[in-house]
Amino acid sequence: MIKLKLDNVNKQLGGARILRDVSLEISAGEFVVFVGPSGCGKSTLLRLIAGLDSICGGDLLIDGRRVNDLEPRERGVGMVFQSYALYPHMSVYDNISFGLKLAKTEKTSLRERVLKTAQILQLDKLLQRKPRELSGGQRQRVAMGRAMAREPDILLFDEPLSNLDASLRVQMRNEIARLHGRLGSTMIYVTHDQVEAMTLADKIVVLNGGRIEQVGSPRELYERPASRFVAGFLGSPRMNFIAAFLHTPGETSHVESLVLGMTSLPVDSSGLAANTQLSLGIRPEHLSLKAAQGTTGLVVSAVEYLGSETYVHLDTGQDEPMVCRCEVNAGWRVGDRVELQLDIDNLHVFDAHGTALKRHTIDSLPAGVAPRPASAGAL
Amino acid sequence: MSPRLLKKALLRLGFWCLIGILLVYAVFPFYYAIVTSLKPSSALFQVSYWIDNPDFSNYAAVLNQASFLRAIGNSLVVALCVVTLALFLSLTAAYALGRVKFRGRGPVLMMVLGVSMFPQVAVLSGLFEVIRFLGLYNTSWALILSYTIFTLPFTVWVLTTFMGQLPHELEEAAIMDGASPWITLTRVLLPLLWPALVTTGLLAFIAAWNEFLFALTFTLTDSQRTVPVAIALISGGSPHELPWGLLMAASVLVTVPLVILVLIFQRRIVSGLTAGALKG
């Protein structure tokens, strides 16, 4: 069932177009995450849904009803703010019950609902405290409680974890995931942290410059990015990009690049002319290294040891080094000469506009199916 | 003694000297008024800086004048009305000016500030006409109206600044909770503005309490006069005698409540003046 629908939504502020023709459907009970670089319009989109900002063009529908002109409280949405925005002079109980009181909820059921909310969020023992007497994580939970108390169908989160320290962030992330499982309400979550996006989302919406770049499950977006932007945005360390030329277009493309030389790839480039510029994308985990003979190959420029794995940086003569994810005991050192081995099936090819070309192997499989075991071919 | 220690001691000495000068400068006039008020009129012109044997006859004489007590009552009514009215109006204005984005917000604020730059004398005659027209001459309302006009720019500016410092998300959270602007103002923002309200309210009170020119111009009879005018009009037994003892006793009586008020709210004032400078 479609819970929320955005139909060609536009937003302008002054002369600047913040959002351009955003269309999106969100099903009931889904956990949707908006990600994108700062200034991409993700927070604005959330505020439009909340009703804090007005929509300049297009329609916003909740349960099939157009809500463009409705007040936030009439939309059945609750929101958790980045800075929590708890009422500093009110106790936790009053913070949570404020909205219910304004909605003229009957006394006994108000108390019941506040207590129930507090119980879900483990705030039972803190109800009489003031926000300043709470820790960061507790404040965060009060903010969620306040948004939940009126039992909205849609919960909105605006970068809720960005004020917490790293360990607490992981803990609250899990709590939010549990909460979603327990409440079953539709949640829309804005973040610039891709780990939050990947771990929480049923569906990720990647925004760039006020447009939706791609919508899909975390796995779909990671394995089959539709554009160079999405490919580069998700994944850490980010995908390696290699400038290349299309030598012979066709069902199977012959591509020439400085680093890899001439390669034949299982990618459909029949729509493109010969000699067009391409960029090849390969994730660090799809690269492997082999000691090179003599003066061939690339030079290791840096080695980052992370405990469970090592990132080996290779000097390619371009601005950005290539990064390869290796086993810890692979033993590469700075200055070593190595030869690259690519997992061809997991190589992405993007045209000059950044659009991904269709790959025969992975892209023809249904979504969520793992590609066959890596068949590394030496180049 | 090493030169370093000497320098330190000298600096310290200089510091306390400066504080002493400041203290004498600020407090001496008031102190001398108290000393004078506690002398019988026969001893008035013997210069002395200590209170040897206090004589409360001046206070008794002032407090026995019904018109003086009446004036204190009038002043109290006028000042409290001005504070209430000014705080209410400036709070609502500050909400609009500090929170709502609209075209012409800057010019409005500048105009408010500009109005407060006119000296009282410049608007005196015009205001007199207005008050005559409204039929308020020789009533407390004339003073309440004119004081409010002169207090508002100050209170509006101060409260607008404070209002602007409160985080936006707080207001948006209230909107998400379904609060109307009025509820947001009274239940969410107002409790956070208390220090600022106390500060501005107290300053407005002091201004209204001490005002002289309008009070002299817009009131005629003893029954409507406020304290500053009443003190100025205290006269002695003959046209050639100025009853300094009475004047001083009356001044002290009028000033002491203010001093007490300020001392009570001192901490609030300081926290009000610096609120927003630190993250709370």
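Rule-based calculations on the coordinates, nothing more; no lab input. Just so we're clear, the structure is a prediction, and the values are computed from it rather than from any experiment. A quick note on method: Cβ atoms are made from the backbone with ideal geometry, for glycine too, and the neighbour counts reach across all protein chains shown.
The H on the amide N of A:V80, modeled in the peptide plane, is under 5 Å from the matching H of A:L156, A:F157, A:D158, each at least 5 residues off or on a different chain.
Taking the empirical scaling 2.2 N^0.38 Å for compact globular proteins as reference, the range B:66-233 has a Cα radius of gyration ratio of 1.18. Listed by Cβ neighbour count within 10 Å, with the fewest neighbours leading, A:K3, A:K101, A:K107 appear as A:K107, A:K101, A:K3.
Model label sites at A:N174 and B:H240, defined 7 Å from Cα along the beta-carbon direction, differ in position by 9.8 nm.
Charged side chains reduced to their Cβ positions (Lys and Arg at +1, Asp and Glu at -1) give the range B:61-171 a dipole of some 140 debye around its Cα centre. Kindly state, to the nearest 0.05, the FRET efficiency for B:F45 paired with B:V24, given R0 = 30 Å and r defined as their beta-carbon distance. Once rounded, the FRET efficiency stands at 0.85. The Rg/Rh ratio for chain A is 1.06, where Rg is the radius of gyration of the alpha carbons and Rh is the Kirkwood radius. The phi-based Karplus calculation (6.51 cos²θ - 1.76 cosθ + 1.60; θ = phi - 60°) puts the 3J(HN,Hα) values of the range B:131-140 at 5, 4, 4, 7, x, 9, 4, 6, 10, 5 Hz, whole numbers, x for Gly and Pro. Ignoring aspartates and glutamates fewer than eight residues from A:K11 along the same chain, the ones with Cα atoms less than 15 angstrom from its Cα are A:D21, A:D53, A:D59, A:D69. Phi angles across the range A:150-161 convert, under the Karplus curve 6.51 cos²θ - 1.76 cosθ + 1.60 with θ = phi - 60°, into 3J(HN,Hα) values of 7, 6, x, 6, 10, 10, 10, 10, 9, 6, x, 9 Hz, Gly and Pro given as x. Pairwise Cα distances in the range A:2-228 exceed 25 Å in 40 percent of cases. The distance between label points at A:R20 and A:E74 comes to 3.3 nm (points 7 Å beyond Cα on the Cα→Cβ vector). Where in the range B:226-261 does the label zone of B:N138 land, with the point 7 angstrom along Cα→C-beta and an amide N cut-off under 15 Å? Zone members listed by number: B:226. Each residue of the range B:198-209 was assigned a 3J(HN,Hα) from its phi angle through the Karplus expression (A = 6.51, B = -1.76, C = 1.60, θ = phi - 60°), giving 4, 4, 5, x, 5, 5, 5, 4, 4, 4, 5, 5 Hz with x at Gly and Pro.
Using the alpha-carbon centroid of each, what span in Å lies between the range A:205-254 and the range B:221-262? Cα centres, the range A:205-254 to the range B:221-262: 85 Å. Taking a ≥ b ≥ c as the square roots of the eigenvalues of the Cα gyration tensor, chain B is classed as oblate, since a/c reaches at least 1.5 and a/b does not exceed b/c.
Dividing the C-alpha radius of gyration of the protein assembly as shown by 2.2 N^0.38 Å, with N its residue count, gives 1.44. If R0 is taken as 41 Å, the Cβ-Cβ distance between B:V130 and B:Q165 corresponds to a FRET efficiency of 0.70. Along the charge dipole of the protein assembly as shown, Cβ charges K/R +1 and D/E -1, which of A:G297, B:P40, A:T263 sits furthest on the positive end? Of A:G297, B:P40, A:T263, it is B:P40.
Check each of the trypsin sites (Lys or Arg not before Pro) in the range B:89-185 and keep only those in coil by DSSP with at most 14 other C-beta atoms within 10 angstrom; list them in order.
B:K101, B:R103
I want to check the label-to-label distance for A:A28 and B:L113. Put each point 7 Å from Cα in the C-beta direction and report it in nm to one decimal. Placing both labels 7 Å beyond Cα along the Cβ direction yields 5.6 nm.
Above 16 angstrom, tally the Cα pairs of the range B:156-226 and express them as a % of all pairs, no decimals. I get 62 percent for the Cα pairs in the range B:156-226 exceeding 16 Å.
Starting from the Cα of A:A103, move 7 Å in the Cα-to-Cβ direction to define the label point; list residues of the range B:178-212 whose amide nitrogen is under 19 Å from there. Within reach of a label on A:A103, which here means backbone N under 19 Å from a point 7 Å along Cα→Cβ, the range B:178-212 contributes B:178-181, B:183-184.
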